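Chemist: Just passing along the structure, written as C-alpha cells.
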Amino acid sequence: MLNGKKSLFSGMQATGTLQLGNYLGALKNWVELEDEYETFYCVVDMHSITVRQEPAELRRKARALLTLYIAAGLNPEKNCIYYQSHVPAHAELNWILNCFTYMGELNRMTQFKDKASKNEENINAGLFTYPVLMAADILLFQSDIVPVGDDQKQHIEITRDIAQRFNSIYGDVFTIPEPYIKKTGARIMSLQDPTSKMSKSDENENASIYLLDDTDTIIRKFKRAVTDSDSEIRHSKDKPGISNLIEIYGIATGKSIAETEKEFEGKGYGDFKLAVGEAVATMLKPIQDRFDDLNKDKAYIDGIIKNNAEKAAYFANKTLRKVQKKIGFPEKIK
Ligand code: AQP
C-alpha cells in the first residue's frame, strides 16, 4: 500500500527488443491495472548488465523500452515509468537485503542456472544475486502485486521469503507481495523450440516475434515455426508447437481454444500459420505506429523520464529510510 492505495511494481530488462511473450505475459496486462493501483513500471537497466552489454546499445535499448511501455498503452500520467539506474534507492536496499538472503536460496533459482549455462564465460556475482535486486525493486514500493509472466514466479517467492524474514525481525516494514500472473499468455514459447520460452535475448531471431517486427517478418517467422508431424490443429500437451500458436492466436483475436480448433478443422498448418501471423501483425500495428510517433517527440519522453524518476525516488526513499532506521544505521545530521 502507498498513500492509502494498493501499489504494484514490475519491470523489464533492456536486453533487447521486447518479444511477444513480454507483451502477452506482462505488458498487455499492466495496462488494465492503472486505475486500481499506484503503479511503478521500471526499465531495469541495472539488471541488464548482469549480461555484458555494449554501452551505446544499452542506452538505445533502454530508451526504446521505456517508449514501448507508453506505445503499448501505459498512460505516463497515471503510471510511474522510469529507469532503475535513476533511483539509487534500488541499489541501497539491494545491499541491505543481500544481508538477509541465503546462498542456499539463491542456488535454487532456475533462471540463474539457465542464464549461467548460456553465459559460461561471464557467470558474475550480479547474475547470482539478481533475485535480491528484484526483491529490492518490489519491496521499495510496498507492492501488493507484481504482474509478471510465469517464469518470474520463483523470484516473487524468494522476494516474499526475504520480506517475511525481515519483518519477523523488525516488525511490519514490508508489504508481502503476491504474483499477478494471468492464465493466458503467461508462458509464450519459442517458435523454433516450443519446449522453451520465447526470450528477447535468444540468438536465433526466428525464435521470437519482436514487437517492432514488420508484417512480412512476422508472417515469415510464423510460417517457419516448428510444429509437429501430423497436420491437425488441436491443442494438446503432445503438440507444444501448435498449442503455442493456438494460444497466441486466441489472445490476438479473442477466440477460445475450442473456437480456433473449430475454425481450422480440416485445414492445414500453412493456412493456420498465415492466420496467426496476420492476427499478430494486426494486433501489433497500432503499437508500432504510436512508437514511431513518440520517437518524434524527444522533449515529451525526456519530461517523462525526469518527472517519473523524481516520483519513484520519493516513494522509494520513504521505504529505504524506514529500513535504515529499523536496522540501526545512524541518522543523518541536518
Ligand atoms: N515467453 C514469455 N511468456 C510470457 N511472459 C514472458 N516474460 C518473458 N518471457 C515471457 C515476462 O516478461 C517480463 C520481462 O522480463 P525481463 O525482461 O525481466 O526478463 P525475462 O523474464 O528473462 O524475459 P526475456 O525476454 O527472456 O529476457 P532475457 O532474454 O533478457 O532473459 C517478465 O514479466 C516475464 O515474466
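Chemist: In the stretch 179-193, which residues are more than 12 Å from the chain's Cα centre (by Cα) and part of a loop (DSSP other than H, G, I, E, B)?
Modeler: Answer for the stretch 179-193, where residues must be more than 12 Å from the chain's Cα centre (by Cα) and part of a loop (DSSP other than H, G, I, E, B): Lys182, Lys183, Thr184, Gly185, Ile188, Ser190, Leu191, Gln192, Asp193.
Chemist: Would you tally the residues in the stretch 29-48 being buried (at least 17 other Cβ atoms within 10 Å of the Cβ), more than 8 Å from the ligand (Cβ to nearest atom) and either of a type in the set (D, E, K, R) or over 10 Å from Pro147 (Cβ atoms) (or both)?
Modeler: Selection size over the stretch 29-48: 7.
Chemist: Out of Ala26, Ala56, Ala14, Ala64, I need the residue that is among the small types (Gly, Ala, Ser), more than 10 Å from the ligand (Cβ to nearest atom) and in contact (Cβ under 8 Å) with a residue 12 or more places away in the chain. Which one?
Modeler: Ala64
Chemist: Kindly provide the set of residues from the stretch 108-136 that are under 25 Å from Thr195 (Cα atoms) and not in a helix (DSSP H, G or I), ordered by number.
Modeler: Residues satisfying the conditions are Arg108, Met109, Asn119, Ile123.
The rows are residues; the columns are (1) modelled with pLDDT of 95 or more; (2) not basic (Lys, Arg).
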{"residue": "Ala186", "(1), (2)": "no, yes"}
{"residue": "Ser208", "(1), (2)": "yes, yes"}
{"residue": "Thr215", "(1), (2)": "yes, yes"}
{"residue": "Arg220", "(1), (2)": "yes, no"}
{"residue": "Ala225", "(1), (2)": "yes, yes"}
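Chemist: A further question on this structure: Yes or no: Gly270 exposed (fewer than 12 other Cβ atoms within 10 Å of the Cβ), part of a helix (DSSP H, G or I) and not aromatic (Phe, Trp, Tyr)?
Modeler: It is true that Gly270 is exposed (fewer than 12 other Cβ atoms within 10 Å of the Cβ), part of a helix (DSSP H, G or I) and not aromatic (Phe, Trp, Tyr).
Chemist: Moving on. Within the stretch 189-200, identify whether any single residue is within 14 Å of Val44 (Cβ to Cβ), out of contact with any Pro (no Cβ under 8 Å at 6 or more places or on another chain) and either without any contact (Cβ under 8 Å) to a residue 24 or more places away in the chain or within 15 Å of the ligand (Cβ to nearest atom) (or both), and answer yes or no.
Modeler: Within the stretch 189-200, one or more residues are within 14 Å of Val44 (Cβ to Cβ), out of contact with any Pro (no Cβ under 8 Å at 6 or more places or on another chain) and either without any contact (Cβ under 8 Å) to a residue 24 or more places away in the chain or within 15 Å of the ligand (Cβ to nearest atom) (or both).
Chemist: Gln84: surrounded by 22 or more Cβ atoms within 10 Å (Cβ to Cβ) and either more than 26 Å from Leu139 (Cβ to Cβ) or of a type in the set (S, T, N, Q) (or both), yes or no?
Modeler: The answer is yes for Gln84.
Chemist: Could you identify the single residue in Tyr83, Tyr69 that is more than 13 Å from the ligand (Cβ to nearest atom) and of a type in the set (Ser, Thr, Tyr)?
Modeler: Criteria check complete, one pass: Tyr83.
The values are calculated or read from the model by the stated rules, or taken from the named source; none is laboratory data. None of the values given here were measured: they were computed from a predicted structure. Cβ atoms come from the backbone with ideal geometry, glycine included; neighbour counts cover every protein chain shown.
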